[in-house]
Amino acid sequence: MHTTRSPLGRTPLPLPDCDRCGFTSSLFPQGDIADLLRDYASGWQRVLTGPGHDRRRVGVPRWSPLEHGCHVRDMCLLFHLRLDAMLGIAPSTSARDAGQRYRDEIPTRVAEELGRAAEALARRLAGLGADDWNRGDPGLADPRLTVEFFTRHLLHDIAHGLAEVRRACDGGGAEQRSRGTHG
């Protein structure tokens, strides 16, 4: 991750590389984040609609590919609320009704919803200015926990789950499909 100081005088908190999924957040600039989110969402949509989809539980926590996909969809939806709080604006969206269990959802519907949620978030991230990326969460004591840090953390979560599901579906030899070494 960058070691330069932000316009607000903050040094960003580095996000460590992940040996388990190969995610390295320092390999991509802010300008690539929205497209990377779209790439990961597309990978998740292929998993959810692909012929090899099953309900086997993989990774930690032990979730099926469907349950992982539901989690990714919900993370994208909830991230809007975190952005709103960090940017000091009224909530632009509401959280999804969590009444249905992940394992009972329909994979093709989840794939569609995940695509819409990720695209809306990608558009929003693409529109952030330099000051927005460097804003901290007013509810947290550490000013290095910025929009950029949380966004890169979100991308790692999405990439990590995708790598685990691919590894399980490929019998242990998951191919890493994206820029650099990310999922």
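Below, the figures for the structure above:
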item: Options A141, A120; residue that is surrounded by fewer than 19 Cβ atoms within 10 Å (Cβ to Cβ) and either in a helix (DSSP H, G or I) or at pLDDT 95 or above (or both); result: A120
item: Tally, over region 88-102, of residues that are loosely packed, with under 14 Cβ neighbours inside 10 Å and either modelled with pLDDT of 65 or more or assigned to a helix (DSSP H, G or I) (or both); result: 7
item: Selection status of L8, among the hydrophobic types (A, V, I, L, M, F, W, C), surrounded by 14 or more Cβ atoms within 10 Å (Cβ to Cβ), assigned to a loop (DSSP other than H, G, I, E, B) and modelled with pLDDT under 75; result: no
item: Tally, over region 144-155, of residues that are touching a Pro at 6+ places or on another chain (Cβ under 9 Å) and either open to solvent by 60 Å² or more (accessible area, probe 1.4 Å) or of a type in the set (S, T, N, Q) (or both); result: 2
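The values are calculated or read from the model by the stated rules, or taken from the named source; none is laboratory data. Values in this document were obtained by computation on a predicted structure and should not be read as measured data. Note that we place each Cβ from the backbone using ideal geometry, even for glycine, and neighbour counts take in every protein chain shown. In case anyone asks, the SASA skips ligands and DNA or RNA and just uses the protein heavy atoms, side chains included. Shrake-Rupley method; radii C 1.70, N 1.55, O 1.52, S 1.80 Å.
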